[in-house]
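Since the structure comes first, as structure tokens, the remarks are kept for the end.
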Amino acid sequence: MKGEVLTYIEWFVSTIILFQVPSEGDFEIVKLISKGAYGVVYLVRLKETRQRFAMKKIGKNNLMLRNQVDQVFAERDIMSFTDNPFVVSMYCSFETKVINCFLCW
């Protein structure tokens, strides 16, 4: 019994560590893909696994000034739930005090 509980705790802790929320520091910018009205899209590489993603950075201040917050939530929902070869799929999203980041593949 004691061994089973310890094994479960070890699994639980490793799962929490595995699924940590990413941050900007976890990625290295490979190159600029595009600049738009609301933000910038970069090709980035995850430092740990070298996997590539598109990172869209959207400034929060810019969104608030243009009253476009609902559009960003709609874009996030579309990328999260759409399974279509012509629409990019979202891997994850995170935010800082200044920007929202979407990671797509």
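Nothing in this text is a laboratory measurement; each read-out follows from the coordinates by a stated rule. What you see is a predicted model, and the numbers here were worked out from it, not measured in a lab. Note: ideal-geometry Cβ built from the backbone for every residue, glycine included; neighbour counts use all protein chains shown.
The label-point distance for Ser23 and Asn84, in a model that sets each label 7 Å from Cα toward Cβ, rounds to 3.6 nm. The alpha-carbon of Lys47 sits under 21 angstrom from the alpha-carbons of these lysines, leaving out residues fewer than 8 places away in its chain: Lys31, Lys56, Lys57. Each label point was placed 7 Å from the Cα along the Cα-to-Cβ direction; for Phe94 and Leu32 their separation is 2.4 nm. Annotation note: trypsin sites (Lys or Arg not before Pro) in the stretch 45-103 located in DSSP loop regions with a Cβ neighbour count of at most 14 within 10 Å are Lys47, Arg50, Lys97. The equivalent ellipsoid that matches the C-alpha gyration tensor of the stretch 24-104 spans semi-axes of 20, 16, 11 angstrom, in descending order. Computed extension length for Asp77-Leu43: 10.1 nm, one decimal, from 0.36 nm per residue of separation with the Cα-Cα distance subtracted.
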